Amino acid sequence: MSFANKRPGGRILPVRRLTPHIDPQKQFEKLATAIGEIYKHNSSKLLFEELYRIGYNLVLSKNGPLVYDGVKGVLETHLLDCVHKGILKNMETASASPTIANNEALLSSVRMLWSEHVTAMLIIKDILMYVDKVYVKSAHLPSV
């Protein structure tokens, strides 16, 4: 006699959830804080496996729009801050007195901010890899 025939009552019981309910907004706030730390060059303090798992769990719990739109907003605000602090200050100086040194300072600030942004986006892309593969692909959105 097989084990399957010995079920009490012949019913199939639902699967028990072992994980407690986690607030998606709090989980996203952890991701947003981590993105800020990545841009501040403090990524060595982060646990990338935990951040990946947060993105994974948010997508599995049908909170993909929260992650995608939230990350988009965090990146937009950070880039606007960078532009206002770094580039516009140098642009005003370069336009007030257009010398070669001022123009080079403007270009070097743009180059530095761009290289920092590319480096940070590579790390963020690795954290949000599952979001990119599953949610972004199914929602037909631009890739992270």
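The values are calculated or read from the model by the stated rules, or taken from the named source; none is laboratory data. Given the structure is predicted, the values throughout are model-derived calculations rather than measurements. Every residue, glycine as well, gets a Cβ built from its backbone with ideal geometry; the counts of neighbours run over all protein chains shown. We work out accessible area using only protein heavy atoms, side chains counted, and drop any ligands, DNA or RNA first. Shrake-Rupley method; radii C 1.70, N 1.55, O 1.52, S 1.80 Å.
Filtering the stretch 89-130 to residues that are under 29 Å from the mean Cα position of the chain (by Cα), over 16 Å from Leu75 (Cα atoms) and among the hydrophobic types (A, V, I, L, M, F, W, C) leaves Leu106, Leu107, Val110, Met112, Met129. The set of residues in the stretch 67-87 that are open to solvent by less than 60 Å² (accessible area, probe 1.4 Å) and either within 22 Å of the chain's Cα centre (by Cα) or over 19 Å from Lys40 (Cβ atoms) (or both) comprises Val67, Tyr68, Gly70, Val71, Gly73, Val74, Leu75, His78, Cys82, Val83. From the list Gly55, Gly86, which residue is assigned to a helix (DSSP H, G or I) and without any contact (Cβ under 8 Å) to a residue 60 or more places away in the chain? Result of the check over Gly55, Gly86: Gly86. Collect the residues in the stretch 39-66 that are surrounded by 14 or more Cβ atoms within 10 Å (Cβ to Cβ) and farther than 19 Å from Val136 by Cβ, keeping them in residue-number order. Once the filter is applied, which keeps residues that are surrounded by 14 or more Cβ atoms within 10 Å (Cβ to Cβ) and farther than 19 Å from Val136 by Cβ, the stretch 39-66 yields Tyr39, Ser43, Leu46. Among the residues of the stretch 120-144, those identified as open to solvent by less than 30 Å² (accessible area, probe 1.4 Å) and not β-branched (Val, Ile, Thr) are Ala120, Leu128. Residue check: is His117 open to solvent by less than 40 Å² (accessible area, probe 1.4 Å) and part of a helix (DSSP H, G or I)? Taking the combined requirement at face value, the residue satisfies it.
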